């Protein structure tokens with residue numbers, strides 16, 4: 001059974017890979033990829049890395065993309081456009097908390113829109129606790 005795929009985008013390769021490692025320690029059956037840093041290992045984001053990560057985890061269930069800083073969303077949007085894939089959603093949620101919730105929800109076999117809703121509710125819950 002395929003599940004909603006997840007892509008973690010960070011300006012730091014170590015942050016993206018560390019989050020993938022953290023989440024996959026608990027959630028084993030969800031396709032997750034990290035797209036962190038630039039091609040030369042620097043700080044930033046890479047359109048190519050993001051595109052490849054999306055394509056790698058994509059299935060008919062779709063993909064949720066989470067990101068760390070605002071500028072990475074621009075490359076995420078471009079990558080989605082370049083892939084031409086329809087069922088790819090960018091979540092407006094904290095990377096770590098949202099990424100964990102996305103993996104849990106996907107692991108339960110929920111559809112893309114339900115996973116996205118659960119992930120974005122994390123942001124709202126955190127705002128209420130401020």
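The values are calculated or read from the model by the stated rules, or taken from the named source; none is laboratory data. Bear in mind the structure is a predicted one, so any value in this text is a computation, not a measurement. Note: ideal-geometry Cβ built from the backbone for every residue, glycine included; neighbour counts use all protein chains shown.
Quick notes
- Matching residues, the stretch 1-26, being farther than 13 Å from residue 99 by Cα and touching a strand residue (DSSP E or B) at 6+ places or on another chain (Cβ under 8 Å): 11, 12, 13, 14
- Residue among 60, 29, 68 that is crowded, with 16+ Cβ neighbours inside 10 Å, in contact (Cβ under 8 Å) with a residue 40 or more places away in the chain and at negative phi: 68
- Check on residue 23, assigned to a helix (DSSP H, G or I), within 15 Å of residue 3 (Cβ to Cβ) and without any contact (Cβ under 8 Å) to a residue 60 or more places away in the chain: no
- Residue count, the stretch 1-18 (criterion: surrounded by 22 or more Cβ atoms within 10 Å (Cβ to Cβ) and part of a helix (DSSP H, G or I)): 1
- Residue 81 being modelled with pLDDT of 95 or more, out of contact with any strand residue (DSSP E or B) (no Cβ under 7 Å at 6 or more places or on another chain) and over 17 Å from residue 120 (Cβ atoms): yes
- All positions within the stretch 32-47 that are more than 20 Å from residue 102 (Cα to Cα) and either within 13 Å of the chain's Cα centre (by Cα) or touching a residue at least 12 places away in the same chain (Cβ under 8 Å) (or both): 37, 41, 43, 44, 45, 46, 47
- Output for the stretch 114-130, where each listed residue is closer than 14 Å to residue 62 by Cβ and within 13 Å of the chain's Cα centre (by Cα): 115, 116, 119
- Any chance residue 29 is under 18 Å from residue 71 (Cβ atoms), out of contact with any strand residue (DSSP E or B) (no Cβ under 6 Å at 6 or more places or on another chain) and part of a loop (DSSP other than H, G, I, E, B): no
- Members of the stretch 73-113 that are touching a helix residue (DSSP H, G or I) at 6+ places or on another chain (Cβ under 8 Å), over 18 Å from residue 57 (Cα atoms) and in a helix (DSSP H, G or I): 96, 97
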